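Step one of this worksheet: look at the structure below.
Please treat every number below as a calculation from the coordinates, not as lab data. Every value quoted in this text rests on a predicted model; they were computed, and no experiment measured them. Please note: Cβ atoms are built from the backbone with ideal geometry, for glycine as well, and neighbour counts cover all protein chains shown.
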Amino acid sequence: MPDLLHRLKINTTLARRILTGFIADQIAKAGAKGAVIGLSGGIDSAVSAYLSVEALGAKNVLAVRMPYRTSSESSMTDADAVIAELGIPAVTAPITDMADALIHQFPDMSDVRRGNIMARMRMIVLYDQSAARSLLPMGTSNKTEFLLGYSTLYGDSGVALQPIADLYKAQVRQLAQDIGVPKQIIDKPPSADLWEGQTDEGELGFTYNDVDQVLYLLVDERYTVEQTVSEGFDASFVNSVWGRVKSNHYKRTMPNIPKLGSRAIGHDFLYLRDYTGR
């Protein structure tokens, strides 16, 4: 396997300035008081929290811990470390009872189905706190996850903003080191903590370092599958990755609307609120 990770190196100072400016601008345009973030104890949510605090101030960022009965103690401990370091307000809203009310009706439910239910229950909690406190739900997904479709539609992907979604996992690690995320969070195996012993790389079947390089070539450099393979990557791996990117495109867009009228939403009627500020 070739090593092209050096090509994913970013200017962390510039990225930090752009992302904090984006967060502050979007919160202001929405007329919200701040942001609410589901804090899992992982690197992605930690980076999103650090950026949000830098952009909005600690008092305007609410962290929400939403453990399930199988959640690891270390996840809560690491989330607490971020909360303490940033000095942000926090609430804990366990999702076990609400998730199990549905899960127990289907004894043969797969781990993936259970995980999707948990992700969507967590988003219910975030949007409730959003409504209660006039805060925008902040996303924590990175570019690798987005491209692979490694998320739950209307679960962890159902947020108002996605500040780190143009950063590959390797780049999130670079930014985490720059902004001072605790080392134990940066170094631990990535996990959505959806079931006991679950890890991202174990579920995906490959490492983030490997897939980041392939995605960078296919997406950022616009290589064909054949050109990517010629760089030394396994053909079946590259084809599998590209297949996932294409098949999960629907997760990266709003629901498709068939055009009937003269100005269909998403086709002809494109309201550029982000650019006008109105």
19 Å Cα-Cα threshold exceeded, pairs from Lys29/Lys251; Lys59/Lys169; Lys9/Lys143; Lys143/Lys246; Lys143/Lys183: Lys29/Lys251; Lys59/Lys169; Lys143/Lys183
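Under the Kirkwood approximation for Rh and a Cα-based Rg, what ratio Rg/Rh is obtained for segment 5-201? Write down the numbers at each step before the final one.
Numbers: Rg = 16.0 Å, Rh = 16.9 Å.
Here Rg/Rh amounts to 0.95.
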Candidate aspartates and glutamates for bridging to Lys33, where Cα separation is under 14 Å - those fewer than 8 sequence places away on the same chain excluded: Asp25
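Among Leu4, Leu135, what is the fewest-to-most ranking by other Cβ atoms within 10 Å?
With the fewest neighbours first, Leu4, Leu135 line up as Leu4, Leu135.
Can you compute the FRET efficiency between Thr13 and Asp108 using 1/(1 + (r/R0)^6), with r the Cβ-Cβ distance and R0 = 45 Å? Round to the nearest 0.05.
Values: r = 51 Å, r/R0 = 1.14.
Taking R0 as 45 Å, the efficiency between Thr13 and Asp108 is 0.30.
Go through segment 118-224 and name the GluC sites (Glu not before Pro) that are in a DSSP coil and have 14 or fewer other Cβ atoms within 10 Å of their Cβ. Before the final figure, lay out each step's value.
Numbers: sites: Glu145, Glu196, Glu201, Glu203, Glu221; in loops: Glu196, Glu221.
Filter output for segment 118-224: Glu196, Glu221.
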Approximate spin-label separation Lys33-Gln227, in nm, with each point projected 7 Å along Cα-to-Cβ: 5.1 nm
Per-pair calculated FRET efficiency, R0 = 51 Å: Asn256 and Ala84 via Cβ, rounded to 0.05: 0.70
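Shape verdict for segment 146-198, please, from the Cα gyration tensor: rounded (a/c under 1.5), prolate (a/b greater than b/c) or oblate. Mind showing how you got there, number by number?
Numbers: a/c = 2.08, a/b = 1.23, b/c = 1.69.
Cα axes put segment 146-198 in the oblate bin.
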Estimated dipole of the chain in Debye, rounded to 20 [Cβ of Lys and Arg +1, of Asp and Glu -1, Cα centre]: 1220 debye
